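Colleague: Take this structure, written in structure tokens, and hold onto it; I'll ask about it next.
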Amino acid sequence: MVLELIYWYSENKRSLPWRKTKDPYRVWLSEIMLQQTRVAQGLPYFLKFTEAFPTVFALAKANESEVLKLWQGLGYYSRARNLHFTAKFVANELKGEFPKTYKELLTLKGVGDYTASAIASICYDEPVAVVDGNVYRVLSRYFGIATPINSTKGVKEFKELAQTLIDVSQPGVYNQAIMDFGALHCKPQNPLCSECPLANSCVAFAKNRVKELPVKEKKIKVKKRYFNYLVPITENNETVLEERKGKGIWQGLYQFPLVETQKKTAEDELMESEQFKKLFPKETTVSLFNTDDIIHKLSHQHLITKFWVVKTTDVNTETTDWTTVKERPVPVLIDKFLEEFLNKES
């Protein structure tokens with residue numbers, strides 16, 4: 001299996017900028033970006049980041065808002081905050097030198113088993129196996145393993161199996177080979193089994209179980225949340241943008257004042273809410289921008305969203321101009337609204 005994968009990789013590997021270097025900064029950056037993200041989506045962000053921050057020192061010197069703005073649209077924003085924290089730690093505490101072993105890499109914030117294995121094997125030739133979604137899929141199908149990949153038992157079983165297979169003479173190449181094979185060949189849907197170099201010894205193929213594997217335990221129940229964004233417009237055409245605080249979704253990103261309700265809410269109910277009355281002490285004209293609810297889907301929650309445009313003479317908080325609004329890092333949900341709203345207004 002190992003030799004076949006490495007040969008397949010030599011013939012089919014993707015040409016990607018982080019593959020052309022063993023610089024741990026660039027490899028780390030690419031691996032953090034590609035967590036929960038497809039290569040096609042992550043690549044433009046990698047190019048933007050390496051242009052803006054060519055070294056770990058440059059990234060460390062940036063302010064968090066700047067980092068979040070460049071990350072905007074990539075999702076899972078805690079990755080960006082951890083990235084920035086770790087860049088500052090490496091630049092200031094480690095004098096710009098990344099740790100050189102799997103165990104030491106694990107001490108960095110935002111670096112787990114997969115990322116530490118990838119950096120250690122690719123940059124320092126340490127024989128530690130990566131296990132990502134692609135690797136789970138290849139191994140579960142090839143060996144016919146039905147242990148759920150998102151169970152404690154499954155994580156341990158697949159890591160141990162992957163470790164027995166790694167080519168100690170070229171661990172980085174092998175790890176990239178099996179990941180690419182999973183991404184391009186042994187795909188989740190419509191894998192290329194008829195032209196697969198491993199078909200003769202693949203258990204799932206022999207037993208017609210390719211579609212069943214890998215197995216995942218049932219997902220966490222999706223929670224519905226009802227978001228009502230208030231978009232104030234003052235007489236001098238300013239608005240209100242607030243930074244999201246706390247540990248919830250989108251920490252450090254900006255949004256319009258938010259009224260979260262237990263169910264869908266009507267205009268009169270919204271205007272009777274304490275937050276609305278506090279924000280708008282004087283007369284207002286309220287209009288609903290989106291007649292159909294916007295449903296923004298996150299991994300474990302669906303945000304059922306309305307944008308309410310509130311024209312008023314007075315707002316009980318600091319206002320800002322629209323140029324500043326466009327410069328702030330915002331969630332994709334707000335970004336899409338701004339694009340539509342500002343195009344309509346201009």
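Colleague: Rounded to the nearest percent, how much of the accessible area of the stretch 103-195 (1.4 Å probe, protein heavy atoms only) is carbon and sulfur?
Modeller: Percent of accessible area from carbon and sulfur atoms in the stretch 103-195: 56.
Colleague: Listed here are the pairs Lys216/Lys297; Lys20/Lys100; Lys69/Lys311; which of them are more than 23 Å apart at the Cα?
Modeller: Values: Lys216/Lys297 20 Å; Lys20/Lys100 19 Å; Lys69/Lys311 28 Å.
In this structure, Lys69/Lys311 exceed 23 Å between Cα atoms.
Colleague: Relative to the Cα centre, what is the charge dipole magnitude of the stretch 60-110, using +1 at the beta carbon of each Lys and Arg, -1 at the beta carbon of each Asp and Glu, and rounding to the nearest 20 debye? Don't jump to the answer; show the numbers that get you there.
Modeller: Numbers: 9 positive and 5 negative charges, 11 e Å.
Magnitude of the dipole: close to 60 debye.
Colleague: Considering only the chain, what is the antiparallel percent among its DSSP beta bridges, to the nearest 5? Working shown, then result.
Modeller: On the way: 16 of 27 bridges.
The antiparallel proportion sits near 60 percent.
Colleague: Hey, another quick one. Relative contact order of the chain: what whole-number percent is it, with Cα pairs under 8 angstrom and at least 6 residues apart?
Modeller: 16
Colleague: Follow-up question, since we're still on this one. On a straight-distance basis, which aspartates and glutamates could pair with Lys13 in a cross-link, Cα separation under 12 angstrom, same-chain partners fewer than 8 positions away excluded?
Modeller: Asp180
Colleague: Same structure again: Could you tell me the relative contact order of the stretch 1-158? Use alpha-carbon pairs under 8 Å, at least six residues apart, and round to a whole percent.
Modeller: RCO, the stretch 1-158: 17 percent.
Colleague: Take Lys13 and Glu243, extend 7 Å from each Cα along the Cα→Cβ direction, and tell me the distance between the two endpoints in nm.
Modeller: 4.2
Colleague: Counting only the backbone N, which residues of the stretch 273-298 are under 13 Å from the spot 7 Å out from the Cα of Val222 toward its beta-carbon?
Modeller: Counting backbone N atoms under 13 Å from the label point, the list is 295-298.
Colleague: Only four residue types carry charge here, +1 at the Cβ of Lys and Arg and -1 at the Cβ of Asp and Glu. Report the dipole size of the chain about the Cα centre in Debye, rounded to the nearest 20.
Modeller: Working: 48 positive and 42 negative charges, 241 e Å.
Charge dipole of the chain: 1160 debye, to the nearest 20.
Colleague: Then there's this: Counting alpha carbon pairs within less than 8 Å and at least 6 residues apart, what relative contact order, in whole percent, applies to the stretch 230-286? Display every interim value, and only then the final one.
Modeller: Numbers: 40 pairs, mean separation 13.2, N = 57.
Relative contact order comes out at 23 percent.
Colleague: Please identify which residues in the stretch 217-261 have an amide N closer than 16 Å to a label point set 7 Å out from the Cα of Gln35, following the Cα→Cβ vector.
Modeller: 249-251
Colleague: Looking at Cys202, Pro214, Leu338, which one has the Cα that reaches farthest to the positive end of the dipole of the stretch 198-346 (charges on Cβ: Lys, Arg +1; Asp, Glu -1)?
Modeller: Positive-most Cα among the choices belongs to Cys202.
Colleague: Past 20 Å, Cα to Cα, is the threshold; run Lys218/Lys263; Lys88/Lys109; Lys95/Lys245; Lys224/Lys264 against it and keep the listed order. All intermediate terms of the calculation are to be shown ahead of the outcome.
Modeller: Numbers: Lys218/Lys263 26 Å; Lys88/Lys109 11 Å; Lys95/Lys245 31 Å; Lys224/Lys264 11 Å.
Table pairs above 20 Å Cα-Cα are Lys218/Lys263; Lys95/Lys245.
Colleague: Would you calculate, for the chain, the mean residue ellipticity at 222 nm contributed by helices, counting each DSSP H stretch of 4 or more residues as -39,500 (n - 2.57) and dividing by all residues, to the nearest 500?
Modeller: -13000 deg cm²/dmol
Colleague: Rolling a 1.4 Å sphere over the protein heavy atoms, what is the accessible area per residue of the chain, to the nearest Å²?
Modeller: With all protein chains present, the chain gives 53 Å² per residue.
Colleague: Quote the charge dipole size of the stretch 103-153 about the Cα centre in Debye, to the nearest 20; the model charges only the Cβ of Lys and Arg (+1) and of Asp and Glu (-1). Can you show the working numbers first?
Modeller: Details: 5 positive and 5 negative charges, 57 e Å.
In total the dipole reaches around 280 debye.
The values are calculated or read from the model by the stated rules, or taken from the named source; none is laboratory data. Please read all numbers here as calculations on a predicted model, not as lab measurements. Neighbour counts run over all protein chains shown; Cβ positions are idealised from the backbone, glycine included. Accessible surface is based on the protein model in full, side chains and every heavy atom, while ligands, DNA and RNA are left aside. Shrake-Rupley method; radii C 1.70, N 1.55, O 1.52, S 1.80 Å.
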